[in-house]
Amino acid sequence: MINQQNSNRFFFNVDWITILIYVALCGIGFVNIYASIYNPEESTVFNFTTNYGKQLIFIITGLVLGLSILLLDAKFFSIFSPIIYGVTMLLLIVVLVVGRNVGGNQAWIPIGSFRLQPSELAKFGTALLLARYISSFNPKLNTLKPVLIAALIIVIPMCLIMLQPDAGSMLVFLSFMFPLYREGLPGYLLVVFWGMVLLFILNLFLAPWVLISSILAIGGLFIYFNKKKQQRMIMIGVITFAAIGYLFIAKVIFENVLQPHQRTRIELILGLKTDPKGAGYNVNQSKIAIGSGQLTGRGFLEGTQTKYGYVPEQSTDFIFSTIGEEWGFVGCFVVIALYLFLLLRVINLAERQRSSFSRVYGYCVACIIFFHVFINIGMTIGIIPVIGIPLPFISYGGSSLWSFTVLLFIFLKLDSNRMGFI
Amino acid sequence: MDNLFNRKYTIQGLFIVIGLILLGTLFYIQVATDKYFISAESNVLRKIYTFPARGVIFDRNEKALAQNEAVYDLMVIPNQVKRFDTAALCRIINIDMERFNRNFNKASAQSRYQPSIFERQLSIQVYATLSEQLSRFPGFFVQSRTIRHYPDSVAAHFLGYIKEVTKLDIQNSEGYYRSGDYIGKSGVEKSYETLLRGERGVVNMLYDARNVPKGSYAEGRFDTAAVSGDRLISSLDLNLQKLGEELMHNKVGSIVAIEPASGEILTFVSSPSYDPNLMVGRNQGNNYMELLKNPNRVFNIRPIQGYYSPGSSFKPLDALLGLQEGVIDPNTTFNCPGYFKVGGHTVKCEHVDGNIALRKGLARSCNTYACYVFQKLLTQRKFPNQRVAYDAWQKMVKKFGLGEKLGIDLPSERNGRLYDAAYYSGKYSKYWNYGTVISLAIGQGEMDATPLQMANIMAIIANRGYYIKPHLVKAIGKNRVIKKEYVKRNYVDVEARHFESVIDGMQDAVNAPWGTAIQSRIDGILMCGKTGTVQNPRGKNHSVFIGFAPRDNPKIAIAVIVENAGYGSTYAAPMASYIAEQYLRGQLPKNKLAEVEWMKKQVILPAPPKPKVKPKAKDTDSVAPATAAPAPAQVTTNNTTTTSTPIPPPQ
Ligand SMILES: [Zn+2]
């Protein structure tokens, strides 16, 4: 048995593999931010006023921040989680009042030269409270009341963020569904929810007859394979027709209930409407950049799309296009493999926790990172509409890097204390 | 504790599936297709073309006839244009707002992201003002290129002109030309286009997203420099050309002079002419339309397109063919009662000389003599009938370059006109004979020649039996290449000895007291020649002279046609003598200079055509002789409208 003394020593039991992956991703981020900002005509002397210089500062301070979290008592997060949640919600309200409007979103609170983004903080605030709720009350998530309470914890920040409005950050909160699923939320709720989201989107993309006939075909196929089980056949039939009915309702809601500007915004997000200098242009240039990397990439600082500024917002939301262009498929493979390894590792670590608080929090961390990675990379290669959220640890920006660092290192602290009781 | 533990695998499975979807898509766009790679290249790579200087054209003494002058095109990239003071720009380049909008819309329609020409060919002065203030006009820049300049403003028809390519030109060139290029449209500029144009240079430039150049691609490994066009040394003699154009000032017609030994054309005058500089620059279009209004058709290249009956100038050929065929000898005489009669035809003669032999017959231009020779040629026993004999005759005449293009190095040369027996058999059924076509004997009837063909006949006689295709470019490029066809001798199959007695007659025509062109005799130079007074059904006769000088070792063969100017001796012969003397002596004596001055001042232009009286036959080939004269003629000397007096003493 490991004695209490040892478990309280700072770095004892910390999962060094996760920290290694974290450092690797930050390093990859720095190199590619350097390439994104690199201008062949300017001198290449290292300079802290440039964005890559700043990012280095962010990485170092981030590491310091992460290590100092390891110094805190593990019980701190569980005990103070309602207060942390409350403070972050308050900040989400404050930003609506004093926030700086950047690019149509009121998402930042300026503090000196630093810009605080409360929606980033809200992510781990929500994760902490969710973990606290489940660990304290051990609720049965297949009954109505606990589900509603859990949903409330998630929906409050979503609504506040939607007021900014910042659709990208808001959507990330949907990732909390997966930890709840792990804790007993019935699977069919997830299937129905994501099915409805998918159908709503497909409904806008595809012609009605294509969608209806494919739903009928899929339904028919399922009935055929379950022809011996009458009850299932009936259920599948009901679901099929419910889906078709939903299509019509969704269409009616979209066309009659939503305001024209809301409609336009959804259409823009989904890429149904393109203005050549807007989202469509970005994605197209990003795809060209990534595609031109081919197998092994064009080489560090050799990507013409990157060097000559063809991809907008390249150091932040579109940083993956630099990786794709200069490091090719090999580079992309390495980055995605690192993320996958990190995610699977965090889930495995979460499952070895004694306390359900740590486990739920671990799942939250994994799913938030997963959402960011999937949406961001998916966006740069054009399989997901343009939703402006950063690539964890890699995208330029202090606010995003620090909040991901805090998010991850809180979990590492909880994990290092897994034998203790929280 | 719980079966919920298994849900871990569902979630991890989801992560892996999504990861594989991302990698699969990446594999497709990065490895499986190179579509995006190509797009990336075309994003950043622009080919910037540099225009080569067009080849310079020199005269035979290497004085420039056509050279290049820098001009400046104002270019625009529409999507880079920001708000600016449009009125200021209009003021600097001297255009109005309407033109500004038109130009801008045109450029925008071509491309919003690529440069196109906004206003072309700004002068150096405008450029100087503009370049100081160019930074005020974002999206605009200046591109320099060269256009033609013709320092002496001569030889417009020889030079031709260049114009911006049309869509059709681009199509026909299979993509060689690009919008905005220039192409030779007539004259030497056209016939030597592929040599003169040079090769475009190309610079592969990298551009960033805001269209700012970022340096050359691959250290310029794929760039090429522009190569200027080949220089051409023409056969023209600038001084002679100038003299010829001055003499023909305010007259309609041609002067063609050839160096017999080489076939090089020394003078190539087509009148009326124009200043070739009018066909350059921003007003090209307007000037062109203005020139088109001239009723005497400025753009006709009369030396190779004008059709004239050769008239008396054809008579040396009668004699040469007669001698070669053996139907006459130099001493054969015919009786001239003042006419020649055959069947229903009567050919009149201007004199009654009784018995007349070759030498005097040519000197006096005796029609009767020519008709007898023609009769003898077509009634030779060796032919089964006269139609076969006619074909043999036609073939011999053709050897002298009549009835077919000579193959000069200019576009749009015309054939002239000379029919074969089948034509006449068709026209008159089978029953025709030499009498039917007797006008051909005196160079009339259904026979037309261009001034170039007439001059070439003189070159053949001067060479005693051969010619080299007349040409205008004697050396191409640095290595002074000459086309093979322009050094080859073309023999006419008449023995050299037969020429001397014919030349005797032509010498007398200019030098003997009874000659037709005695007034144009040059002291100390034996010029041989033949006057012609070509009937013009639509007006006063054309004045024609053909000849060569000196008699031995000739240096110049010449044909002069002055439309509606009457006798050959009045205008054409003296003009020819000035040209010959100028060329052979390098200058003219004072008294001749005074005559030249007088000649320059003479205005001999046909009256403007009566409106809407057009000949029915539009096909020029079937119209009677002298199709180059469009309307009834009127002769005006200086300020009187009387008939011109024969060559006047200048003082
Ligand atoms: Zn006679």
> Name the GluC sites (Glu not before Pro) in the stretch B:103-174 that are in a loop by DSSP and that have at most 10 other C-beta atoms within 10 Å, would you?
Replying inline: B:Glu174
> All other residues with a Cβ under 15 Å from the Cβ of B:Tyr28 taken together, and with Lys, Arg as +1 and Asp, Glu as -1, what is their net charge?
Replying inline: +1
> If the label point is 7 Å along Cα→Cβ of B:Gln80, which residues in the stretch B:182-226 have backbone nitrogen under 19 Å from it?
Replying inline: B:202-217
> Computed from the mean reciprocal separation of all distinct C-alpha pairs, what Kirkwood hydrodynamic radius does the stretch B:216-320 have, in Å?
Replying inline: 17.6 Å
> What spacing in nm lies between the two simple spin-label points modelled at B:Gln519 and A:Leu20, each 7 Å away from Cα in the Cβ direction?
Replying inline: 11.6 nm
> Expressed as a whole percent, how much of the Cα-Cα distance distribution for chain A exceeds 35 Å?
Replying inline: 35 percent
> Counting only the backbone N, which residues of the stretch B:388-406 are under 20 Å from the spot 7 Å out from the Cα of B:Ala496 toward its beta-carbon?
Replying inline: B:400
> Stokes-Einstein D for the stretch B:283-385 at 37 °C, 0.692 mPa s, Kirkwood Rh over Cα pairs, in µm²/s?
Replying inline: 199 µm²/s
> Quick one: if the Förster radius is 60 Å, what FRET efficiency do B:Glu132 and B:Arg585 give, using the C-beta to C-beta distance and rounding to 0.05?
Replying inline: 0.65
> At a Förster distance of 45 Å, what's the computed FRET efficiency of B:Arg381 paired with B:Ala261, Cβ-Cβ distance as r, to 0.05?
Replying inline: 0.70
>> How high is the relative contact order of the stretch B:213-317? Use alpha-carbon pairs under 8 Å, at least six apart in sequence, and give a whole percent.
In response: 20 percent
> Once the Cβ-Cβ distance between B:Asp34 and A:Ser68 is put in as r, and R0 is 41 Å, what FRET efficiency do you end up with, to the nearest 0.05?
Replying inline: 0.25
> Based on the Cα gyration tensor of the stretch B:46-233, what are the three equivalent ellipsoid semi-axes, each the root of five times an eigenvalue, rounded to whole Å and given largest first?
Replying inline: 31, 21, 16
> When the C-alpha atoms of the stretch B:56-162 are aligned to their principal axes, what extent does each axis show, in angstrom, from largest down?
Replying inline: 55, 27, 22
>> Could you tell me the extents of the stretch B:194-247's C-alpha atoms along the three principal axes, largest first, rounded to whole Å?
In response: 63, 23, 15
> Taking Cα centroids, how far is the stretch B:466-527 from the stretch A:120-177 in Å?
Replying inline: 109 Å
> Quick one: of the DSSP bridges fully inside chain B, what percent are antiparallel, nearest 5?
Replying inline: 95 percent
> What is the Cα coordinate range of the stretch A:301-422 on the first, second and third principal axes, sorted by size from largest, in whole angstrom?
Replying inline: 55, 27, 26
> For the residues A:Trp327, A:Trp16, what sequence is obtained by ranking on other C-beta atoms within 10 Å, fewest first?
Replying inline: A:Trp16, A:Trp327
>> Using a 7 Å offset from Cα along Cα-Cβ at B:Ser144, what residues in the stretch B:84-128 end up with backbone N under 11 Å from the label point?
In response: B:124, B:128
> What do you get for Rg/Rh of the stretch B:41-89 when both radii come from the Cα atoms and Rh is the Kirkwood radius?
Replying inline: 1.22
>> Testing the spin-label approximation: label points 7 Å from Cα along Cα→Cβ at B:Ala87 and B:Thr346. State their distance in nm.
In response: 8.4 nm
>> Tell me the volume per residue, in Å³, of the convex hull enclosing the alpha carbons of the stretch A:206-257.
In response: 53 Å³
> Compactness ratio of chain B: Cα Rg over 2.2 N^0.38 Å, N = residue count?
Replying inline: 1.31
>> How charged is the neighbourhood of A:Ile79? Take every other residue with its Cβ under 14 Å from the Cβ of A:Ile79, and add Lys/Arg as +1 and Asp/Glu as -1.
In response: +2
> What value does the stretch B:239-609 have for Rg/Rh, both radii from Cα atoms and Rh as Kirkwood defines it?
Replying inline: 0.97
>> What number do you get for the stretch B:271-329 when its Cα radius of gyration is normalised by 2.2 N^0.38 Å, N = residues?
In response: 2.00
> Mean separation of Cα pairs under 8 Å and 6+ residues apart, divided by the residue count of the stretch A:290-355: what relative contact order is that in percent?
Replying inline: 38 percent
> Any idea what the relative contact order of the stretch B:239-609 is, in percent, if you count C-alpha pairs under 8 Å spaced at least 6 apart?
Replying inline: 22 percent
>> Counting other beta carbons within 10 Å of each residue's own, what order do A:Ser36, B:Ser228 fall into, fewest first?
In response: B:Ser228, A:Ser36
> Points 7 angstrom from Cα along the Cβ direction at B:Ile48 and B:Asp96: gap in nanometres?
Replying inline: 3.6 nm
> If you look at just the Cα atoms of the stretch A:58-169, how large are its Rg and its Dmax in Å?
Replying inline: 15.8, 48
> Could you give the radius of gyration (one decimal) and Dmax (whole number) of the Cα atoms in the stretch B:526-600, in Å?
Replying inline: 12.9, 40
>> Counting C-alpha atoms alone, how compact is the protein assembly as shown: give Rg to one decimal and Dmax as a whole number, in angstrom.
In response: 48.2, 154
> Whole-Å semi-axes of the stretch B:1-76's equivalent ellipsoid, largest first, each the root of 5 times a Cα gyration tensor eigenvalue?
Replying inline: 72, 12, 5
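No lab work stands behind these numbers, since they all come straight from the coordinates. All values derive from a computational prediction rather than experimental measurement. As a convention, Cβ positions derive from the backbone with ideal geometry for all residues, glycine included, and neighbour counts pool all protein chains shown.
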